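Visitor: Submitted below is the structure of interest, expressed as structure tokens.
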Amino acid sequence: MSPKNITIIGSLNTDLVTRTRRLPAPGETLTAKSFNTAPGGKGANQAAAAARLSGDGVVVKMVGCVGGDEFGRDLKQALVDSGVDVEGVVVDKVEKSGTAIIIVDEDTAENRILINLGANAKVTKVLFPDSYFTSMNPPISALLMQLEIPLQTVLHLLNLADAAGITSIFNPAPAVPIPVNFYPKMDHLIVNETEAALLTGEEVEELDVEAAAKTLLERGVKGSVVITLGAKGGYFSTVDGKGGWMKPEVMEPKDVVDTTGAGDTFVGAFAVAIVEGKSVEEAVKWAGVAAGRKVRKRGAMAGIPWRNEL
Ligand code: RIB
């Protein structure tokens, strides 16, 4: 039997991570607690999560673009170390690799992120001819995409994937409005509270999560809508009428050290569960456990758990 193929088309970033007790005020200079560089990017993190969390019989392939610099080399190596096939990662001779400046608040473990697309902006439609998905070997079992590459590329790929009958898992992060005619091209839509609010035109503080999931599903998503709520758990709703809340893992505040990449871990784990034939409800539960493990460790990619840790 040919292996299942989870393909991620998305970003690779080097994370420049500063940890601080508080954020500097405008015009203020503060001394940080620590600084380090680490592999990241929503696409790369989701690829690492899918590879680390999958069992035998699954291959995970990353498709994206890095610069011909040290960051790009290290990013590819970090993915290889997680078990990801990086043949589809193009090295651009002109652009620098993508970067993300991340400030982690030591007290709350929450992060603020500022990205520079760099070579990720080179992942354009021209790389993906109409025959792209039909020529894959082994054929794709699940396609994962986010929004740290150009939106036009992602929309083009949603069209191609839909036409080729490939299961797509779309995590529109960071969120921008998506043309309504593209919702019927997605199989599974995974968003956090902020993204759900932006897509539905609500204020995040006033978001009715169940209503937002219903609205997004009614736009035509083919399988399910999942809204993750960090420490509060999450909610899912499927086209065949199933839905429910996922309970958060109860954790001591001191155990939560870094939430960066928790959402990516969730998406990667969800994809693995779906290709393993689990239901959306089971996939959501398992992905929640994986994300709960992630926040106990530092680093967006470095902190992603392996299958035997769940
Ligand atoms: O989701 C976390 C990721 O967002 C980080 O690794 C950073 O690169 C940004 O893309």
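Visitor: Arrange the peptides 267-279, 21-33, 112-124, 285-297 so that the one whose residues have, on average, the most other Cβ atoms within 10 Å appears first.
Guide: 267-279, 285-297, 112-124, 21-33
Visitor: Determine the relative contact order of the chain: mean sequence separation of Cα pairs under 8 Å and six or more apart, normalised by residue count, in whole percent.
Guide: After rounding, I find 18 percent.
Visitor: Moving on. Antiparallel DSSP bridges in the chain: what percent, to the nearest 5?
Guide: Around 40 percent of the beta bridges assigned by DSSP in the chain are antiparallel ones.
Visitor: What is the order of Phe133, Phe266, fewest Cβ neighbours within 10 Å to most?
Guide: Ascending Cβ contact count within 10 Å gives the list Phe133, Phe266.
Visitor: If you don't mind, there's one more thing I want to ask. So if we plug the beta-carbon distance of Asn308 and Glu70 into 1/(1 + (r/R0)^6) with R0 = 22 Å, what FRET efficiency do we get, rounded to 0.05?
Guide: Rounded to the nearest 0.05, the efficiency is 0.10.
Visitor: Okay, moving on. Within the stretch 1-118, how many Lys pairs sit with Cα atoms under 23 Å apart, leaving out pairs fewer than 8 places apart on the same chain?
Guide: 12
Visitor: Of Val90, Pro179, Ile103, which is farthest on the positive side of the dipole of the chain, counting Cα position, with +1 on Lys and Arg Cβ, -1 on Asp and Glu Cβ, and the Cα centre as origin?
Guide: The one lying farthest along the dipole's positive direction is Val90.
Visitor: Based solely on its DSSP helices, what 222 nm [θ] is calculated for the chain when runs of n ≥ 4 H residues each add -39,500 (n - 2.57) and the sum is averaged over all residues, nearest 500 deg cm²/dmol? Intermediate results must be reported in sequence, preceding the final value.
Guide: Working: 7 runs with 86 residues, N = 310.
Using -39500 (n - 2.57) per qualifying helix, the result is -8500 deg cm²/dmol.
Visitor: Just for the Cα atoms in the chain, what are the lengths along the principal axes, largest first, rounded to whole Å?
Guide: Per principal axis, max minus min of the Cα coordinates gives 53, 46, 38 Å.
Visitor: Within the stretch 167-263, what percent of beta bridges assigned by DSSP are antiparallel, to the nearest 5?
Guide: 55 percent
Visitor: For the stretch 231-310, with the dipole built from +1 on Lys and Arg beta-carbon atoms and -1 on Asp and Glu ones, taken about the Cα centre, which of Gly261, Val272, Gly299 lies farthest toward the positive end?
Guide: Value computed over the given set: Gly299.
Visitor: OK, next. In debye, nearest 20, what is the charge dipole magnitude of the chain about its Cα centre with +1 on Lys and Arg Cβ and -1 on Asp and Glu Cβ, if you could check?
Guide: 560 debye
Rule-based calculations on the coordinates, nothing more; no lab input. Computed from a predicted structure; not experimentally measured. All Cβ positions, glycine included, derive from the backbone under ideal geometry; neighbour counts span all protein chains shown.
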